[in-house]
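So the structure is just underneath, and the comments pick up after that.
Read the figures in this text as sums done on the coordinates, not as results from a lab. This one's a predicted model, so the numbers in the text were calculated from it and none came from an experiment. Methodologically, a virtual Cβ is constructed for each residue, glycine included, from the backbone with ideal geometry; neighbour enumeration extends over all protein chains shown.
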Amino acid sequence: MVEELLAGKMVDRKSKFYAHLYKIDNLDDDVTNIQKIHNKKYKKAAHHCYAAIVDGVDVSRNDGEVGSPGRVLLELLHEYNLDGYMIMVSRIFGGIKLGQGGVARAFRNSGRGVINAYLENK
């Protein structure tokens, strides 16, 4: 079962970061379904990076992006003890390179923003 809990958008130097937080219960099926949704919804996005944890098993994906954003998102899920959740961030490149540190920071900020907003309104 996939349930979208919250979505948010952040802009950093013209790049757009669309962060979505999901409640999931099956790593393989749910991650695949969410990837299909994001590929269709954000066709212009060059990267769809994610992290998920279900029953203590975690996965992450950088999708070719620099700065290890999958690992950064996974660290957020662990930090907030979000088992049974997935966070996916799709980036639409704005023409300005952010560098590894800038990319990691942008993914972390967009992920943390959507997690904090969800927890505040829970």
Margin query: Tell me the relative contact order for the chain as a rounded percent, counting alpha carbon contacts under 8 Å between residues six or more apart.
Written below: 33 percent
Notebook entry, point to check: Between Val59 and Val2, how many nm apart are label points set 7 Å from Cα along the C-beta direction?
Noted result: 1.2 nm
Item checked: Helix-derived mean residue ellipticity, 222 nm - over the chain, DSSP H n ≥ 4, -39500 (n - 2.57), to 500 -> -13500 deg cm²/dmol
Check: By how many nm would the segment from Arg13 to Arg71 lengthen if fully extended, with 0.36 nm per residue of separation less the alpha-carbon distance?
Finding: 18.7 nm
Item checked: Two-site FRET efficiency, Asn116 against Ala46, from Cβ-Cβ distance with R₀ of 30 Å, rounded to 0.05 -> 0.70
Notebook entry, point to check: Mean shadow of the chain, computed from the convex hull of its alpha carbons, in nm²?
Noted result: 6.6 nm²
Next item on the list: Work out the FRET efficiency for Asn39 and Asn81 from their Cβ-Cβ distance, taking R0 = 30 Å, and round it to the nearest 0.05.
Entry: 0.55
Notebook entry, point to check: If a helix is a whole DSSP H run, which ones in the chain reach 27 Å or further along their own axis (Cα) and hold a mean Kyte-Doolittle hydropathy of at least -1.0?
Noted result: 99-121
Margin query: Given the options Gly84, Leu21, Gly95, identify the residue whose Cα lies farthest towards the positive end of the charge dipole of region 1-97 (+1 on Cβ of Lys, Arg; -1 on Cβ of Asp, Glu).
Written below: Gly95
Notebook entry, point to check: How about Lys122: which lysines have a C-alpha closer than 24 Å to its C-alpha, ignoring those fewer than 8 places off in the same chain?
Noted result: Lys9, Lys23
Margin query: Using Cβ counts within 10 Å as a stand-in for footprinting exposure, how do Arg91, Arg108 rank, fewest first?
Written below: Arg108, Arg91
